[in-house]
Amino acid sequence: MTIQWFPGHMTKARRQIEEKLKLIDVVIELLDARIPLSSRNPMVDEILKGKPRLVLLNKNDLADPQVTAEWVKYFGDQGLPALPIDAANGTHVKEILPRVKQLWAHKIETMLRKGINPRAIRALIVGIPNVGKSTLINQLAGKKIAATGDKPGVTKGQQWIKVGTEMDLLDTPGILWPKFEDQLVGMRLAATGAIKEELLHLDEVALFTIKYMVQHYGAGIQERFGVQELPEDMDNIQEMVKVMEAIGRKRGAIVSGGKVDLDKASLIIIRDLRAGKMGRISLEKPY
């Protein structure tokens, strides 16, 4: 399966971002803590042209904490401060404004020295679809402003949102890229819910998930689904399908004749991964 997805409104989103950049002081880049590089649009560095940036690793509650710590170091080594958060529950969200102010502190000091009362910091928030931007914006604003949903593509236009008196936040639609050169990137995005399910072959995404889980988080599968034996040969697709069938049987995904409905089993696996029911899992590592 080759995953490609670049709806027209995303081309428009890039153009809108470039047009507004001259008004922006600081950029908040929102990534999925489970797949920080795969959820990072490779065009962003080019588009943002060196603006001060804070990286937020969202859905931190679903990610492997040890791997997340490695990602924080990875971004820090590139000169990008990174903060793990959980926008849905508000975890560490209150730390965002102080971090943004640190990035803009030199300009605030310059204004104060000149006797100018500093205006609110203008921050741009960017992130791919379904990474949690709208949920985060509502947390920062302290009220429901942005539409939220569990499907990608909810935000369709730009809007300025006031965050107290110290920050104005510009929201934009999420942007993905025209083609994933590395198909593993597409699989990770599909597994975590960044790509609409109608565009996917769920069985292939489930197979990718099972293979990764068996290799890195086998105990999570065994505890969640009661699967006793896991295959040792990661490249044997038939062995991975047997794991899917075992999961399907445990969860009652049976069709006439006693066969396992692999489509239903695939959906069970993917939904459980996204909900964190197999444990805290990161689908890629920095080193």
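Of the residues that make up region 94-107, is at least one open to solvent by 10 Å² or more (accessible area, probe 1.4 Å), out of contact with any Cys (no Cβ under 7 Å at 6 or more places or on another chain) and within 30 Å of I270 (Cβ to Cβ)?
Here is the first cut: in region 94-107, the residues open to solvent by 10 Å² or more (accessible area, probe 1.4 Å) are 94-95, 97-99, 101-107.
If we keep only those that are out of contact with any Cys (no Cβ under 7 Å at 6 or more places or on another chain) as well, we get 94-95, 97-99, 101-107.
Keeping just the survivors that are within 30 Å of I270 (Cβ to Cβ) gives none.
Scanning region 94-107, I find no residue that is open to solvent by 10 Å² or more (accessible area, probe 1.4 Å), out of contact with any Cys (no Cβ under 7 Å at 6 or more places or on another chain) and within 30 Å of I270 (Cβ to Cβ), so the answer is no.
When both residues are 6+ apart or on different chains and their Cβ atoms are under 8 Å apart, which pairs have a first residue that lies in region 259-287 and is not assigned by the TED database to the domain that holds T209, and a second that is among the acidic types (D, E) and part of a loop (DSSP other than H, G, I, E, B)? That search, which allows pairs on different chains as well, returns R280/D64; I281/D64; S282/D64.
Filter region 252-282 for residues that are closer than 26 Å to A88 by Cα, open to solvent by less than 80 Å² (accessible area, probe 1.4 Å), part of a loop (DSSP other than H, G, I, E, B) and not polar (S, T, N, Q) and give the result. Can you show your working first?
Here is the first cut: in region 252-282, the ones closer than 26 Å to A88 by Cα are 266-282.
Pick out the ones that are also open to solvent by less than 80 Å² (accessible area, probe 1.4 Å) and you get 266-270, 272-276, 278-279, 281-282.
Those left that are additionally part of a loop (DSSP other than H, G, I, E, B): 275-276, 278-279, 281-282.
Within region 252-282, A275, G276, M278, G279, I281 meet the criteria.
Select from region 115-147 the residues that are part of a loop (DSSP other than H, G, I, E, B) and open to solvent by less than 30 Å² (accessible area, probe 1.4 Å) and write down the one among them that is farthest from N60 (Cα to Cα). It would help to see each step written out before you state the result.
So in region 115-147, the residues part of a loop (DSSP other than H, G, I, E, B) come out as 115-120, 127-132, 142-147.
Retained after the next criterion (residues that are open to solvent by less than 30 Å² (accessible area, probe 1.4 Å)): 120, 127-129, 131-132, 146.
On the way: A120: 28, G127: 15, I128: 16, P129: 17, V131: 11, G132: 11, A146: 21 Å.
By that ranking, first place goes to A120.
Pick out, from region 151-251, the helices (runs of 4 or more DSSP H) lying fully within it that include 2 or more residues that are at pLDDT 90 or above, open to solvent by 50 Å² or more (accessible area, probe 1.4 Å) and over 30 Å from K94 (Cα atoms). Even if it seems obvious, please write down each step before you answer.
Details: elements: 183-192, 202-216, 218-225, 237-250.
It comes to 202-216, 218-225, 237-250.
Matching residues to (1) of a type outside the set (V, I, T); (2) under 30 Å from P118 (Cα atoms); (3) touching a residue at least 40 places away in the same chain (Cβ under 8 Å):
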| position | (1), (2), (3) |
| --- | --- |
| E166 | yes, yes, yes |
| Y217 | yes, no, yes |
| Q222 | yes, no, no |
| E229 | yes, no, no |
| K242 | yes, no, no |
| G248 | yes, no, no |
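Is it fair to say D77 is open to solvent by 60 Å² or more (accessible area, probe 1.4 Å), at pLDDT 95 or above, closer than 23 Å to K101 by Cα and in the same structural domain as L23 (by the TED database)? For D77, the condition - open to solvent by 60 Å² or more (accessible area, probe 1.4 Å), at pLDDT 95 or above, closer than 23 Å to K101 by Cα and in the same structural domain as L23 (by the TED database) - is met.
With the condition kept exactly as written, say whether any residue in region 105-112 is farther than 28 Å from L273 by Cα and touching a residue at least 40 places away in the same chain (Cβ under 8 Å). Step through it out loud before you land on a result.
First, pick out the residues of region 105-112 that are farther than 28 Å from L273 by Cα: 105-112.
Checking the rest, the ones that are also touching a residue at least 40 places away in the same chain (Cβ under 8 Å) come to 107.
Within region 105-112, one or more residues are farther than 28 Å from L273 by Cα and touching a residue at least 40 places away in the same chain (Cβ under 8 Å).
K285 fulfils the conditions (1) within 25 Å of D86 (Cα to Cα); (2) of a type in the set (D, E, K, R); (3) open to solvent by less than 70 Å² (accessible area, probe 1.4 Å) except for a single criterion, (3). Taking the conditions exactly as written (of a type outside the set (A, V, I, L, M), under 26 Å from S282 (Cβ atoms) and open to solvent by 10 Å² or more (accessible area, probe 1.4 Å)), does R53 satisfy them or not? The answer is yes for R53.
The values are calculated or read from the model by the stated rules, or taken from the named source; none is laboratory data. Treat the numbers as computed from the prediction; the structure is a model and nothing was measured. For neighbour counting, all protein chains shown are included, and Cβ atoms are generated from backbone atoms with ideal geometry for every residue, glycine included. In case anyone asks, the SASA skips ligands and DNA or RNA and just uses the protein heavy atoms, side chains included. Shrake-Rupley method; radii C 1.70, N 1.55, O 1.52, S 1.80 Å.
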